[in-house]
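Participant: Structure provided below as structure tokens; questions to follow.
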Amino acid sequence: MKIVSVIARYLLGLLFTVFGLNGFLNFIHQPPPTNPLAIQFFIAISSSHFAAFFFAVQLIGGLLLLSGLFIPLALTLLAAELYNILAFHLMFAPASIAPALVASVLWILVFLQYRASFKDVLAAKPAMQE
């Protein structure tokens, strides 16, 4: 399982690093969405420069996964990104959700290896430092 997790970590890190950089450098051109609401959404986040925040988080999370440093932090950052990507595709473009599902499976494979780092996150009564 450890080898699968390492491979998934590198693939997920590469995926988010490339698409995070693409947000700034636009070297992978994509056709505009066909859904008019999706177009309005993209116009709103692009013209407000809010998309730069998403791309920066993707880039940082991807680089952390590739470096092997702060992996629980990277997983936390990318969980929020994946949630937004999945929500966008579910609402605006369900036909193109496959890459988001692949990224989610990769995230889960990495998370399983580092789940001990998250054991107290969902505790009803978390332990307090004395």
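Participant: State all residues of the range 94-130 that are small (Gly, Ala, Ser), farther than 16 Å from PHE16 by Cβ and either in a loop (DSSP other than H, G, I, E, B) or within 13 Å of the chain's Cα centre (by Cα) (or both); if no residue qualifies, say none.
Facilitator: If the condition is that a residue be small (Gly, Ala, Ser), farther than 16 Å from PHE16 by Cβ and either in a loop (DSSP other than H, G, I, E, B) or within 13 Å of the chain's Cα centre (by Cα) (or both), then ALA123, ALA124, ALA127 are the ones that fit.
Participant: Here's something else I'd like to know. Looking for whichever is closer than 18 Å to VAL110 by Cα, surrounded by fewer than 19 Cβ atoms within 10 Å (Cβ to Cβ) and not hydroxyl-bearing (Ser, Thr, Tyr) here; the options are LEU21, LEU75, LEU66, LEU12. Which one fits? So that I can check it myself, show each step before the final result.
Facilitator: Values: LEU21 fails: closer than 18 Å to VAL110 by Cα; LEU75 fails: surrounded by fewer than 19 Cβ atoms within 10 Å (Cβ to Cβ); LEU12 fails: surrounded by fewer than 19 Cβ atoms within 10 Å (Cβ to Cβ).
None of the other options fit; the residue is LEU66.
Participant: Does any residue in the range 86-97 that is without any contact (Cβ under 8 Å) to a residue 24 or more places away in the chain come within less than 6 Å, Cβ to Cβ, of a residue that is aliphatic (A, V, I, L, M) six or more places away or on a different chain, and which pairs are these?
Facilitator: LEU86/ALA100; HIS89/ILE97; HIS89/ALA100
Participant: Only one residue in ALA38, ALA44, ALA51 is under 22 Å from PHE92 (Cβ atoms), in contact with a Gly (Cβ under 9 Å, 6 or more places away or on another chain) and either surrounded by 11 or more Cβ atoms within 10 Å (Cβ to Cβ) or among the hydrophobic types (A, V, I, L, M, F, W, C) (or both), so which one is that? Steps first, please.
Facilitator: Numbers: ALA38 fails: in contact with a Gly (Cβ under 9 Å, 6 or more places away or on another chain); ALA44 fails: in contact with a Gly (Cβ under 9 Å, 6 or more places away or on another chain).
Testing whether each residue is under 22 Å from PHE92 (Cβ atoms), in contact with a Gly (Cβ under 9 Å, 6 or more places away or on another chain) and either surrounded by 11 or more Cβ atoms within 10 Å (Cβ to Cβ) or among the hydrophobic types (A, V, I, L, M, F, W, C) (or both) leaves just ALA51.
Participant: As an exercise: evaluate LEU69 against (1) in a helix (DSSP H, G or I); (2) modelled with pLDDT of 95 or more and give the number of the one condition it does not meet.
Facilitator: (1)
Participant: More than 10 Å from the chain's Cα centre (by Cα) and either under 28 Å from VAL110 (Cα atoms) or assigned to a loop (DSSP other than H, G, I, E, B) (or both): which single residue out of PHE41, PHE53 fits that description? Before the answer, list the steps.
Facilitator: Working: PHE41 fails: either under 28 Å from VAL110 (Cα atoms) or assigned to a loop (DSSP other than H, G, I, E, B) (or both).
The conditions single out PHE53.
Participant: Given ILE60, ILE7, ILE28, ILE3, which one is surrounded by fewer than 16 Cβ atoms within 10 Å (Cβ to Cβ), β-branched (Val, Ile, Thr) and more than 16 Å from VAL105 (Cα to Cα)? Steps first, answer last, please.
Facilitator: On the way: ILE60 fails: surrounded by fewer than 16 Cβ atoms within 10 Å (Cβ to Cβ); ILE7 fails: more than 16 Å from VAL105 (Cα to Cα); ILE3 fails: more than 16 Å from VAL105 (Cα to Cα).
Of ILE60, ILE7, ILE28, ILE3, the one residue that is surrounded by fewer than 16 Cβ atoms within 10 Å (Cβ to Cβ), β-branched (Val, Ile, Thr) and more than 16 Å from VAL105 (Cα to Cα) is ILE28.
The values are calculated or read from the model by the stated rules, or taken from the named source; none is laboratory data. Small disclaimer: the values here were computed from a predicted structure and weren't measured. FYI the Cβ positions are ideal-geometry reconstructions off the backbone, even for glycines, and counts take in every protein chain you see.
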